[in-house]
Amino acid sequence: MKTRQSTSKTIQIAALVFAAVACIAAIMVLPEFWQFFRKDQGAQPAKATLFDYFPIFIGSSWTYNVSNLSEVEDPEMDPFGTYTDTIVTVETGPGDKFQVVGIKTDGENPLRFCEKQPGSPAISPDAYYAINKEQLYVVCTLDEAYKVANEVLAAPETIIPASGQTPDYVFPFEVGNTWQWDDSSDKWYVESIVDVTTPAGHFTDCYRIVLFTLPDTSIRWVCPGVGLVAAEYHHHGSMREIRAELASYQIGMGNGP
């Protein structure tokens, strides 16, 4: 009897041990377990920022085809022109929170209003980004870029610095989000998430961002990891009907955030 009881207890203990090992093995292979573990340890996926949408590595370039959407020829633009934006400089800006990015433009960009300086060096930027994780400002000079960055750092509760410079982009991109254009009632509006096809390829999870004003409408399509893939400008009542779409691009491996 004692031998049978001892054997029975041995079997019960072995069964419990086997069950425990099986449970531990099952838990170890469950993805949910590891996700919970990582979350509990604080190793969560990095939160997206504007840098995930606008690569700012030196050598990155974007070539756009420009077309006139109007049936009337616009004498001020080549209806089949192209231009290329290339990042030629990247500097860590004020407070280590901003990146100041120099953009060299080859060709005429009809959607940007920075005049090229005569006699400037070939690699001299024609425009600048002042960009942090949540705002991107496009300005025409290096001094303006640093001025905007310093003003934003001095008043972090607002996206409009003292000089009134309106950000071209404000993150996060969420459908329905808006931001003010200058001191008027006009606002940029994140309208929808769409797929976009251009000569450069097919892009998914892009944001269609629209600015409606009394005389005109501007539309931009921004895609993760690429940046601006298409843009349109419609001036109501005139022949200014422009579309620029990405023809090709390359992301450099130089300095970046």
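The values are calculated or read from the model by the stated rules, or taken from the named source; none is laboratory data. This one's a predicted model, so the numbers in the text were calculated from it and none came from an experiment. Quick reminder, even Gly has a Cβ in these numbers, built from the backbone with ideal geometry, and neighbours come from all protein chains shown.
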Failed condition for Ala149, given (1) in a helix (DSSP H, G or I); (2) modelled with pLDDT of 95 or more; (3) of a type in the set (Gly, Ala, Ser) | (2)
Taking the condition crowded, with 18+ Cβ neighbours inside 10 Å and either more than 21 Å from Arg112 (Cα to Cα) or of a type in the set (A, V, I, L, M, F, W, C) (or both), does Val175 pass?
-> no
If you take the residues of the range 40-77 that are modelled with pLDDT of 95 or more and of a type in the set (S, T, N, Q), which of them is surrounded by the most Cβ atoms within 10 Å (Cβ to Cβ)?
-> Ser60
With respect to the numbered conditions (1) surrounded by 14 or more Cβ atoms within 10 Å (Cβ to Cβ); (2) modelled with pLDDT under 95; (3) farther than 26 Å from Lys47 by Cα, which one is the sole condition not fulfilled by Ser248?
-> (2)
Would you be able to say whether some residue in the range 195-215 is out of contact with any strand residue (DSSP E or B) (no Cβ under 8 Å at 6 or more places or on another chain) and modelled with pLDDT under 95?
-> yes
Could you list all residues from the range 199-250 that are within 16 Å of Asp52 (Cα to Cα), free of Cβ contacts under 8 Å to residues at least 60 places away in the same chain and not polar (S, T, N, Q)?
-> Phe203, Asp205, Cys206, Tyr207, Trp221, Val229
